[in-house]
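Engineer: Structure incoming, see below.
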There are 2 protein chains.
Amino acid sequence: MNTPLNRMSFHNSAVGILAGGGVLPGQVAQKIIAQGRSVFIIAFEGFAEEAVIRPFPHAYVRLGAAGQLLSLLRQNHCQDIVLIGPVRRPSLLDLRPDKEGAKILARLGKAFFRGDDGLLAALVNILAEEGFHVRGAHEFLHESVGRLGVMGKIVPDEVALHDIELGIKVIHALGKLDIGQACVVQSGVVLAVEAMEGTDKMIIRAGECRQPRPGGVLVKLAKPGQERRADMPTIGPRTIDNVVKAGLRGVGFEPGSTLFTDMQACIDLADQQNIFLYGIDL
Amino acid sequence: MNTPLNRMSFHNSAVGILAGGGVLPGQVAQKIIAQGRSVFIIAFEGFAEEAVIRPFPHAYVRLGAAGQLLSLLRQNHCQDIVLIGPVRRPSLLDLRPDKEGAKILARLGKAFFRGDDGLLAALVNILAEEGFHVRGAHEFLHESVGRLGVMGKIVPDEVALHDIELGIKVIHALGKLDIGQACVVQSGVVLAVEAMEGTDKMIIRAGECRQPRPGGVLVKLAKPGQERRADMPTIGPRTIDNVVKAGLRGVGFEPGSTLFTDMQACIDLADQQNIFLYGIDL
């Protein structure tokens with residue numbers, strides 16, 4: 001496979017990892033190192049997890065301290081950068097921007113108050129204007145990207161496939177308005193739709209209002225036009241666990257644009273629990 | 001005002017009230033009696049509230065006992081009927097249909113498995129085919145129907161009006177897929193979208209993920225094409241109470257198509273708590 005890494009500039013420079021929560025920043029760092037490059041992690045205070053970050057060269061930075069962030073990236077010769085791991089949308093009050101941060105906020109302007117997609121896309125643009133190459137985490141994590149069709153042993157039946165179809169319609173309708181990435185559908189009835197609360201809470205809620213027919217399906221997709229370099233849909237063992245607890249029968253996701261935080265654990269858990277993992281042919 | 005009552009047939013016959021939960025079935029009954037007609041309430045077991053139903057001629061009927069329901073309506077000379085008060089979507093298992101109920105289920109066919117709108121519209125059609133005239137509760141409850149513009153003292157500001165605009169788009173996009181009637185928007189960001197869980201839970205959730213900017217807005221509308229005779233959007237003091245607790249600043253609703261379970265209490269509570277009640281000019 002021809003990886004995008006072949007096309008990267010500054011092969012000997014470090015890759016800057018702007019790290020939010022979860023285990024993925026560590027996995028990205030390991031992959032980059034395995035490919036013979038070095039990394040420098042900018043760990044966002046209050047989001048990045050100490051145990052994940054500790055093994056790698058890093059510095060902790062407040063979200064609003066854009067000046068500090070940019071000079072750390074430059075000091076460490078990072079031209080390629082990767083944004084990975086969830087960061088809750090900051091409030092202006094929490095940000096307490098430094099001088100450079102205030103300038104960037106001014107450049108973001110109204111985008112700051114738009115939905116998440118607008119904000120992230122604007123941030124990626126500004127980083128590009130500052131001379132950085134923003135890479136998608138999936139470029140480094142090939143083995144963690146969801147594949148087309150059935151992953152694992154369980155195959156979705158007709159009812160489940162129809163539910164997936166309806167779920168796609170729902171997410172596309174919502175995505176145009178920059179809302180959520182996921183919903184739960186059971187036998188043609190939409191049980192829950194994700195907005196700001198996140199996928200886990202949405203799955204739990206769907207479990208609370210499920211009906212006695214065959215179990216529902218979680219559908220999770222990138223929003224249309226979503227900036228995949230900043231915010232890819234992610235599925236992990238906790239997702240599968242919640243899916244099991246909510247009485248759902250499987251997960252439909254977008255192949256090529258979905259990261260699995262621990263692919264093998266997800267597949268094993270799904271097989272054990274008779275849950276399908278299905279990369280939708282969109 | 002020229003009430004639809006003037007156009008009703010069988011002025012001397014009783015009006016049949018098919019009653020789900022809450023206080024509205026009692027209010028409808030009182031209004032009908034005040035207009036000089038009699039009522040007979042079919043109280044759905046497990047949904048209708050004893051204290052609300054008790055003052056009026058009534059019988060308790062299981063949801064699935066359509067045969068019993070139809071003969072009770074006929075015995076009591078009810079030609080006009082009103083469906084009022086929430087009834088949770090029944091499962092086939094809970095229904096345990098009687099002979100007539102099984103026939104009606106067969107006539108409903110796939111509509112039973114469609115969204116709520118499809119099911120309710122199909123039920124209204126079947127009742128019409130059986131010779132009944134299904135009336136909207138709002139035809140009897142003029143004073144309880146939400147009015148255009150500002151109700152109460154508080155006026156929505158520009159930010160709130162923009163949030164209402166976005167909320168309308170969200171509900172219309174969802175409505176085409178027969179999902180929910182409500183969402184919460186705060187300064188251009190959609191915090192929560194209602195599906196199966198109901199408006200109260202959705203408001204509480206929105207409160208949990210609100211941002212530090214000016215408080216959000218609850219927008220609640222009829223879905224496009226919603227069968228208003230079976231399922232009108234309803235707002236009551238508990239709704240306003242949840243709005244206050246979630247830090248929202250007001251409610252945008254559809255005038256003419258929204259029932260307030262206790263209009264004066266809602267307005268008083270909203271005024272006390274600086275919450276606007278705004279009938280949107282759609």
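The values are calculated or read from the model by the stated rules, or taken from the named source; none is laboratory data. Predicted, not measured: the structure shown is a model, and the values here were computed from it. Quick reminder, even Gly has a Cβ in these numbers, built from the backbone with ideal geometry, and neighbours come from all protein chains shown.
Engineer: Take the residues of region A:165-205 that are among the aliphatic types (A, V, I, L, M) and in a loop (DSSP other than H, G, I, E, B): which is surrounded by the most Cβ atoms within 10 Å (Cβ to Cβ)?
Structural biologist: The selected residue is A:179.
Engineer: Moving to a separate point now. Mind listing whichever residues of region B:162-197 are touching a residue at least 60 places away in the same chain (Cβ under 8 Å) and within 24 Å of residue A:163 (Cα to Cα)?
Structural biologist: Those that are touching a residue at least 60 places away in the same chain (Cβ under 8 Å) and within 24 Å of residue A:163 (Cα to Cα): B:177, B:178, B:179.
Engineer: Here is a further query. Any chance region A:262-273 includes a residue that's within 20 Å of residue A:136 (Cα to Cα) and either surrounded by fewer than 24 Cβ atoms within 10 Å (Cβ to Cβ) or within 14 Å of chain B (Cβ to nearest Cβ) (or both)?
Structural biologist: Checking region A:262-273: at least one residue is within 20 Å of residue A:136 (Cα to Cα) and either surrounded by fewer than 24 Cβ atoms within 10 Å (Cβ to Cβ) or within 14 Å of chain B (Cβ to nearest Cβ) (or both).
Engineer: Considering only residues of region A:73-94 that are touching a residue at least 24 places away in the same chain (Cβ under 8 Å) and surrounded by fewer than 18 Cβ atoms within 10 Å (Cβ to Cβ), which is farthest from the chain's Cα centre (by Cα)?
Structural biologist: It comes out as A:77.
Engineer: Could you list, in sequence order, the residues of region A:29-38 that are at pLDDT 90 or above and either surrounded by fewer than 16 Cβ atoms within 10 Å (Cβ to Cβ) or farther than 13 Å from residue A:78 by Cβ (or both)?
Structural biologist: A:30, A:31, A:33, A:34, A:36
Engineer: If you scan region A:193-214, which residues turn out to be more than 7 Å from chain B (Cβ to nearest Cβ) and among the basic types (Lys, Arg)?
Structural biologist: A:201, A:210, A:213
Engineer: Right, here's the next one. Quick one: how many residues across region B:50-67 are closer than 24 Å to residue B:95 by Cβ and modelled with pLDDT of 95 or more?
Structural biologist: 6
Engineer: Moving on. May I ask you to list the residues in region B:133-192 that are among the polar types (S, T, N, Q) and within 14 Å of another protein chain (Cβ to nearest Cβ)?
Structural biologist: B:181, B:186, B:187
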